[in-house]
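Scroll down for the structure; my scribbles are underneath it.
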Amino acid sequence: MKDSNPQPLYLKDYTVSDYLIDTVDLEVSLDEEFTTVISHLTIEANPLSHPLSPNLVLHGESLSLQSVMLEGKILASDRYNVVDDALTISDVPRAFTLTITTRIQPQNNTALIGLYKSSGNFCTQCEAEGFRRITYFLDRPDVMARYTTTIIADETRYPMLLSNGNPVATAKLPGGKHSVRWEDPFKKPSYLFALVAGDLEFVEDYFVTQSGRSVVLRIYVEKGNRDKCAHAMQAVKKAMRWDEERFGREYDLDIYMIVAVSDFNMGAMENKGLNIFNTKYILATSDTATDDDFIHVESVIAHEYFHNWTGNRITCRDWFQLSLKEGLTIFRDQFFTADTTSKSVARIRDVIALRTQQFPEDAGPLSHPVRPDNYIEINNFYTSTIYNKGAEVIRMMQTILGEKRFRQGMDLYFTRHDGQAVTIDDFVKAMEDASALNLTQFCLWYSQAGTPQLMVEDEYDEKNKAYKLTISQSCASTPGQPEKKPFHIPVKIGLLDATGKDIKLDDDVLHVKQAENVFHFYDIPVKPIPSLLRGFSAPVNVTFQYSDADLQFLFKHDSDPFNRWEAGQKYAINILLRLISAYQEKKPLEVPNEFIAAFQYVLQTQQMDKWLLAEMLVLPSEKYLAGQIDEIDVDAIHAARLFLLTEIARRTKKLFLDTYQENHDEMQAYVFSIEEVGKRQLKNTCLSYLTLLPETDIPENLLMQQFKTALSQNMTDTVGALRGLVNIDNAQRTEGLSSFYDKWKDNPLVVDKWFALQALSRLPGALARVKELMHHSAFDVKNPNKVYALIGTFCQHNLSEFHLINGEGYVFLTEVVLQLDALNPQIAARMVQPLIDWQRYDKKRQALLRQQLEIIARHKTISNDVYELVSKSLGNSIVKSLTETL
């Protein structure tokens, strides 16, 4: 719960720990009423601490302290004190042993942080500060120790007892209990500690490393899920091989384990040797998982595995450096996905995620740098800025250095800092030393918040065959940073001639470093059309006065796949913004024939890469469009986008139907491959357009036929059809939803899809249906997956229904946030996000949104997690005045 006056922590105030812990010997006795934890610690004074405090202060939260022993002797009560979630032991020697016994109740831990029970199994989540809920400790990432863990539990209920490292001993104990002892040979911070105990089953395989060692691979799952792990196991092996080949990183333990649990706040956690996953990122078969699910399983498994080096072997000195591991590892898993699926589609999806999540974050009240300078609750900084923008910063660094020197910098970083807790500066220094480049200006990307804006102008001198680009940069003010220095921005470009061919350039990367930059190109035979920011070489917005004809041309001919897609998006946005204005002015809505023609041309001519083509046919989302407008008009955005979609469908009906039928084979078994994924993505995109038309305009039962054929064997096609059915108000909608639930009611992850699809329905009354579904027997507000699937999907992605002008959606979300905050503050903080950017809406919605934020701010037991977000959104002075009136 919120402190009476929570104060931020500041990066500038960082000091080393007065004491270090060399070894940790844990004994964890699991029982149904209480769990007893005995920690034996060897502690010594930190030689870097000056002056050294004579008192040892350990973190603790929700613990029942049983005893404290110093050097084997019970401490008298006047030698220690427990106040404000801390255990202070006075007058400790410079080196000593400490034994602390605590009791906890994991079964009552609804926050799912520390040690908790999930579906009858014990499980941990210690990042960022969960270990302090297990025992009193120096719970900070720069305190690294070697851990030995002994787990004791009833053998019948909990036959599997798992922890970090390698198993070294087992024993049968009286009373039907047993124990397993684990040793982790590598020093690690406490946030990487893991423990799992339960009646689990597993699949096993092995991997031979590049040096010839055989590593045992195990994936542990709840009973009945063993047959859903084959894809995940192959993903583990694929990631291990890729990391050896791409970065020279070999796995370092004898066993690598994954445990999949149903109740988990995050996607997964990289605990050393024992990764704990949300089941949604492990369990996948063709009848229960979509193509996107298969891709996400591979991506998340790769991400957590890659953390073994970028996060575990080398970790963060403090939580302000979080992007050191998360941004870097996202960068690595993005390249893994690009290498193992489709490079162009992978990049497009990375950028869509950045633009719809991080760019609004940069432009709102929660804006913060990739390396924040302060926080109240660290859980709130597991953000898209830290992860996705952090990855883009690493990508830019690779662009500036070149792949060869970047790899040399990575090798130097691994060699120089293995086994250490370090900073972003240490990473950058390795890159500078390997490349002999000065990255001082570039590092502003870590300290300055906001999304830079590039204004580009061009000029062509026909007589001298010379072309000039002038690029100006600016960055809007963000909280605490009214003025910004110029960034170092790598802008990758191409110049297209009149036939769509690339004009040869000496260097295709422009280094924008000043407020205004001029670049000259010579021997340019004709005035070119510039292809700017190819591959999205920097996380910026670009303004250039492209005509509609220019965008049509790039949409058809640009050799860079990303920019070909980007031209189509910009062209569609231009049309959509005109439609929005017309709707607001109550003028007729019209779509130019040229836009439809360009759309049809691409559909007819670019089927060599069907997966990329499917992405090119998807219009910008309502959420992204909202970011392009100063004052968000939810109704106009929804009406304009739906009108454009329907016009495309109406005027391209035959081509959509032909393309659908060419790529649809209901007799073909599901295969997960780039070619087959492309076919499914393309045909289901065509189907989504066709379902916008009157039923008389498309073949009878087109949706139901695909739905019924796919229901038992192909989840991608099942969801593709059901996504259309949920938006049609007829008996087929009811039949489809009922059939789907009846078929999959015993599979929680598939039921989550059922919740999400209904939450996305654009039919009137969506909020009432969401409220009704919250009382469904399959919904559990304590389960994060259920909350994300139903409430998160509705509030974050069904904009027109959530933002109803009567404010009912806001009242609903406020009630949910307060309910969740009492159970799980992390999830509550994630759910409150749709209320945060209240000042970007029309005046009436602003007032309604602010009213709900003030209700949350006044709540007496609001958590630090939610308080920090609400206070930044409303303004600290407003929140202070609200709370003072209580």
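Quick notes on this one:
- In degrees, nearest ten, helix 864-874 long axis to first principal axis of the chain (Cα): 40 degrees
- Karplus-derived 3J(HN,Hα) values for the stretch 685-695, using 6.51 cos²θ - 1.76 cosθ + 1.60 with θ = phi - 60°, are 5, 4, 4, 5, 6, 4, 6, 7, 8, x, 4 Hz; glycine and proline are entered as x.
- Among the GluC sites (Glu not before Pro) in the stretch 778-886, none sits in a DSSP loop with a Cβ that has at most 11 other Cβ atoms within 10 Å.
- Cα centroid of the stretch 413-455 to Cα centroid of the stretch 839-854, whole Å: 40 Å
- Helix 548-557 vs. the chain, principal-axis angle (Cα, 0 to 90°, nearest 10): 70 degrees
- For the Cα trace of the stretch 253-391, dividing Rg by the Kirkwood Rh returns an Rg/Rh value of 0.97.
- Computed from Cα positions, the angle between helix 322-340 and the longest principal axis of the chain comes to roughly 50 degrees.
- Restraint check, LYS238/LYS325; LYS177/LYS228; LYS683/LYS753; LYS570/LYS610, Cα-Cα greater than 24 Å: LYS177/LYS228
- Of the GluC sites (Glu not before Pro) found in the stretch 581-661, the ones in coil according to DSSP and having at most 16 other Cβ atoms within 10 Å of their Cβ are GLU585, GLU590, GLU631.
- Near LEU533, the amide H atoms lying under 5 Å from its own belong to LYS492; only residues 5 or more places off or on other chains count, and H is placed 1.01 Å from N.
- In terms of packing, defined here as the mean over residues of other Cβ atoms within 10 angstrom, the peptides 773-783, 390-400 line up highest first as 390-400, 773-783.
- The order of TRP242, TRP445 by accessible area, most exposed first and with a 1.4 Å probe, is TRP242, TRP445.
- Links that overshoot a 31 Å alpha carbon limit, given the list LYS468/LYS623; LYS587/LYS872; LYS743/LYS771: LYS468/LYS623; LYS587/LYS872
- HN-Hα J in Hz across the stretch 429-443 - Karplus 6.51, -1.76, 1.60, θ = phi - 60°, x for Gly and Pro: 4, 4, 5, 5, 5, 6, 10, 6, 9, 8, 9, 4, 5, 4, 5
- The loop-placed trypsin sites (Lys or Arg not before Pro) in the stretch 223-317, going by DSSP, that have at most 13 neighbouring Cβ atoms within 10 Å of their Cβ come out as LYS223.
The values are calculated or read from the model by the stated rules, or taken from the named source; none is laboratory data. Everything numeric here is computed off the predicted structure, so don't read it as measured data. For neighbour counting, all protein chains shown are included, and Cβ atoms are generated from backbone atoms with ideal geometry for every residue, glycine included. Accessible surface areas use protein heavy atoms only, side chains included; no ligands, DNA or RNA. Shrake-Rupley method; radii C 1.70, N 1.55, O 1.52, S 1.80 Å.
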